[in-house]
1. Please go through segment 183-213 and pick out each residue that is more than 18 Å from P139 (Cβ to Cβ) and among the acidic types (D, E).
2. Collect the residues in segment 86-100 that are among the small types (G, A, S), touching an Asp or Glu at 6+ places or on another chain (Cβ under 7 Å) and open to solvent by 40 Å² or more (accessible area, probe 1.4 Å), keeping them in residue-number order.
3. Please find, among D66, D71, D124, the residue that is surrounded by 15 or more Cβ atoms within 10 Å (Cβ to Cβ), more than 12 Å from the ligand (Cβ to nearest atom) and among the charged types (D, E, K, R).
4. R212 - would you say it is within 12 Å of the ligand (Cβ to nearest atom), assigned to a helix (DSSP H, G or I) and over 20 Å from the mean Cα position of the chain (by Cα)?
5. Could you list, in sequence order, all residues of segment 197-231 that are crowded, with 22+ Cβ neighbours inside 10 Å and not hydrophobic (A, V, I, L, M, F, W, C)?
6. Any idea which of P282, P336, P248 is over 30 Å from T115 (Cβ atoms), open to solvent by 20 Å² or more (accessible area, probe 1.4 Å), of a type outside the set (D, E) and away from the ligand (no atom under 11 Å from the Cβ)?
7. If a residue counts only when it is at positive phi, which helices (runs of 4 or more DSSP H) contained entirely in segment 24-107 have at least 3 such residues?
8. Considering only residues that are under 18 Å from the mean Cα position of the chain (by Cα), farther than 18 Å from G89 by Cβ and within 14 Å of the ligand (Cβ to nearest atom), which ones fall in segment 158-170?
Amino acid sequence: MTVTPAADMLRLLGGFEISQALYAVARTGLADLLLSGPRPVTELAEAAGVRSDLLRRLARTLAAEDVFTLDEAEDMVGLGPLGTTLATGTPESVRNVALMWMETHYLPFAELTQTLRDGIPSADRVLGQPFFDWLGQDPAKVATFSAAMADLLRTLRQDALASLDLAGAGSVVDVGGADGAALAELAERHPDLRGTVFDLPHVVAAAPELLRARGVADRVTAVGGDFFASVPGPADCYLACFILHDWPDDRAVRILENIRAAAAPGARLFLVETVLGEGTQPQIANLMDLTMMGMLGGRERTRDHWQTLLATAGFRLDRIRPTKGPMCVVEATLQP
Ligand SMILES: C[S@@+](CC[C@H](N)C(=O)[O-])C[C@H]1O[C@@H](n2cnc3c(N)ncnc32)[C@H](O)[C@@H]1O
């Protein structure tokens, strides 16, 4: 088969249609309805509340992307290798990411051209305010965002948490720890560890219930606040997972300085982030870099960039450990 540059480009340009088709699958619960096995198209359409003639056409398009299997002769549709990731609660589920990206990130990206010109995140323009301020006004959006972060934690970052070297650590603060999912996992792995999950008050509000459900509420507490003002302390370890990439350098340094101000002497800092040019799956890091450009004005960073940022705020970069996924663990120590 000859694939011309124009045909390749049309596939890329049609990415927005595929994104929306995947979103429709996630939103209507089509993937959930197929978890138990292939079904007749008409039966599936009725169960999902969609038109069967249109579902047939959607399934054909997404079968070519390995999301569905479609037996046109039998008129049966099933889940392809990628389809289970759009179902709820499967081990590789990124359904909440599909919901979040299409419900919050999709529209701002229509303004990317202007962002390239003036550097103002598209989200600021389209949402009328910075993304996290906008998000905070609607508890349902906060819940979708935290659920999407939990999906990413489980699918992209879990091995980063597993590889954190917390030997000798007594207390850890998870800065921007959302609903506490990451800290709960660390507390389960390290029975003597005490922890504080710190995030904006309306986000961390979901943490106490999660911590109780995971049986770690006696050792992990939830604190609400603004990390540009201060962070809790003193602790001997600080974790910031997917935080500093959200912000431009001056804001990232401010967060690091607030960690320095709160931390115990010699405290260790673990950043779970991408490192451009290192780690596996560079295309995910590049995609996140674009996300940061459009949504927040943050960025992904190289090793040298991380080293400079950390040094500016008084931390020494000790090492960068790649993980099996796209994330790296950037380890640093607070300097006297
Ligand atoms: C990309 S999410 C990462 C969440 C979590 N660490 C994870 O890896 O799943 C960024 C987090 O930073 C939090 N955040 C944003 N601005 C904040 C602020 N000014 N103070 C405290 N937390 C903030 C958000 O509420 C959100 O939970």
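The values are calculated or read from the model by the stated rules, or taken from the named source; none is laboratory data. Given the structure is predicted, the values throughout are model-derived calculations rather than measurements. Note that each Cβ is placed from the backbone with ideal geometry, even for glycine, and that neighbours are counted across all protein chains shown. The protein model used for the area step is the full one, side chains on, heavy atoms only, and it has no ligands, DNA or RNA in it. Shrake-Rupley method; radii C 1.70, N 1.55, O 1.52, S 1.80 Å.
1. E185, E188, D192
2. Scanning segment 86-100 gives no hits.
3. Details: D66 fails: surrounded by 15 or more Cβ atoms within 10 Å (Cβ to Cβ); D71 fails: surrounded by 15 or more Cβ atoms within 10 Å (Cβ to Cβ).
Of the residues listed, the single one that is surrounded by 15 or more Cβ atoms within 10 Å (Cβ to Cβ), more than 12 Å from the ligand (Cβ to nearest atom) and among the charged types (D, E, K, R) is D124.
4. Values: within 12 Å of the ligand (Cβ to nearest atom): no; assigned to a helix (DSSP H, G or I): yes; over 20 Å from the mean Cα position of the chain (by Cα): yes.
Spelling it out, it is not the case that R212 is within 12 Å of the ligand (Cβ to nearest atom), assigned to a helix (DSSP H, G or I) and over 20 Å from the mean Cα position of the chain (by Cα).
5. Hit for segment 197-231 is D199, nothing else.
6. Numbers: P282 fails: over 30 Å from T115 (Cβ atoms); P248 fails: over 30 Å from T115 (Cβ atoms).
Within the list P282, P336, P248, the selection yields P336.
7. Details: elements: 30-33, 41-48, 52-63, 95-100.
Helices (runs of 4 or more DSSP H) meeting the threshold: none at all.
8. Passing the criteria: D159, A160, L161.
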